[in-house]
1. 7 Å from Cα along Cα→Cβ at both residue 100 and residue 75: what's the point-to-point distance in nm?
2. What residue among 4, 18, 85 has its Cα farthest toward the positive end of the dipole of the chain, where the charges are +1 on Lys, Arg and -1 on Asp, Glu, each on the Cβ?
3. Give me the percent of accessible area attributable to carbon and sulfur for the chain, probe 1.4 angstrom.
4. Can you give the accessible area per residue of the chain, in Å², using a 1.4 Å probe?
5. Can you quote the Å³ per residue value for the convex hull of the Cα atoms in the chain, rounded to an integer?
6. Once the Cβ-Cβ distance between residue 13 and residue 116 is put in as r, and R0 is 22 Å, what FRET efficiency do you end up with, to the nearest 0.05?
7. Please tell me the relative contact order of the chain in percent, rounded to the nearest whole number, where contacts are Cα pairs under 8 Å and at least six residues apart.
8. Taking every Cα atom in region 63-117, find the radius of gyration and the maximum pairwise distance Dmax, and write them in Å.
Amino acid sequence: QVLLEESGGGSVQAGGSLRLSCATSEDIFRVNAMGWYRQAPGKQRELAAIMTPGGTPTYADSVQGRFTISRDNAKNTVSLQMNSLKPEDTAVYYCNARPLAISYRDERGAWGQGTQVTVSS
């Protein structure tokens, strides 16, 4: 079973920043795309940002320019720096590991337990 250990999240006012981190084993981290999805109340889970093992990022249009995803190869960790947060960013954020062959729109892959991010206006 793939273990993804998430940390970070919390509550912040609009315009503030938060940082999420997700650690996994070297075997998983080295070969998989690592990313963050989010699910707001009453909505489907959606991609926020994801990065290939080679370091190529993909961002949702809604977070482009505000969120930055990064991989720390020494720590087998993927992080999401979230700046200029908006109330509409409020969601449960899930870490995800997936082979490159799986579309980012696919629900397959390994998932973390989720961490709540709440942005108040």
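The values are calculated or read from the model by the stated rules, or taken from the named source; none is laboratory data. Since we're looking at a predicted model, the values are computed, not measured. We place every Cβ from the backbone using ideal geometry, glycine too, and count neighbours over all the protein chains shown. These accessible areas exclude ligands, DNA and RNA; they are computed on the full protein's heavy atoms, side chains included. Shrake-Rupley method; radii C 1.70, N 1.55, O 1.52, S 1.80 Å.
1. According to this spin-label approximation, the distance is 2.5 nm.
2. 85
3. The nonpolar share, carbon plus sulfur, comes to 47 percent.
4. Here the per-residue accessible area is 52 Å².
5. Dividing the Cα hull volume of the chain by its residue count gives 94 Å³.
6. Here the calculated transfer efficiency is 0.90.
7. RCO, the chain: 35 percent.
8. 12.6, 34
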